[in-house]
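For reference, the structure discussed in these notes is given below.
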Amino acid sequence: MKKYLIIVEKTETGYSAFSPDVPGCGSTGDTKEEVERNIQEAIEFHIEGLRLEGYDIPEPSTYSSYIDIAA
């Protein structure tokens, strides 16, 4: 089991998500819960396609962190 970072962004019509470790793979949804389900399915589908075509599976390498800025 691998753990991939996803980035979720609010849009005018709902939410979008992508993973920096899985280039070209993204998804959308009306709610946060929906976009998280959709991006998980999209990444699983993408990785299965890579596997079937004989390509390397991308290794998770990104992480998230917050910093404090005086505003």
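Set the Förster distance to 30 Å, then compute FRET efficiency between residue 1 and residue 70 from the Cβ-Cβ distance, nearest 0.05. Let's see the in-between values first.
Working: r = 40 Å, r/R0 = 1.33.
Here the calculated transfer efficiency is 0.15.
Quick one: 3J(HN,Hα) in Hz for the range 22-32, Karplus 6.51/-1.76/1.60 with θ = phi - 60°, rounded, Gly and Pro as x.
10, x, x, 10, x, 7, 9, x, 6, 10, 4
What is the local net charge at residue 62, summed over the other residues whose Cβ is closer than 14 Å to its Cβ (Lys, Arg +1; Asp, Glu -1)?
Spelling it out: positives minus negatives among the neighbours equals 0.
What residue among 30, 56, 21 has the largest mean-square fluctuation in a Gaussian network model of the chain, using Cα springs under 10 Å?
56
Listing 43, 67 from the residue with the fewest other Cβ atoms within 10 Å to the one with the most, what is the order?
On the way: 43 22, 67 4.
The order, fewest Cβ neighbours first, is 67, 43.
Compute the relative contact order of the chain as a whole-number percentage, counting only Cα pairs closer than 8 Å that sit 6 or more residues apart in sequence. Walk me through the numbers before you get to the answer.
Working: 89 pairs, mean separation 19.2, N = 71.
Here the relative contact order equals 27 percent.
What is the fewest-to-most order of 57, 69 by other Cβ atoms lying within 10 Å of their Cβ? Numbers along the way, then the final one.
Working: 57 11, 69 5.
Ascending Cβ contact count within 10 Å gives the list 69, 57.
Which percent of the Cα-Cα distances in the chain go past 15 Å? Each step should come with its number before you reach the end.
Details: 1440 of 2485 pairs.
Of the Cα pairs, 58 percent sit more than 15 Å apart.
Return 37, 51 ranked ascending by Cβ neighbour count within 10 Å, so the fewest neighbours appear first.
On the way: 37 14, 51 11.
If I rank by nearby Cβ atoms, fewest first, I get 51, 37.
Please list, in order along the range 45-58, the HN-Hα scalar couplings obtained from phi with the Karplus expression 6.51 cos²θ - 1.76 cosθ + 1.60 (θ = phi - 60°), rounded to whole Hz, x for Gly and Pro.
My calculation for the range 45-58 gives 5, 4, 5, 4, x, 4, 4, 5, 8, x, 8, 5, 8, x Hz in order.
Read-outs: derived from the displayed coordinates by stated rules, not from any lab. All values derive from a computational prediction rather than experimental measurement. Glycine gets a Cβ as well: all are built from the backbone with ideal geometry, and neighbour counts include every protein chain shown.
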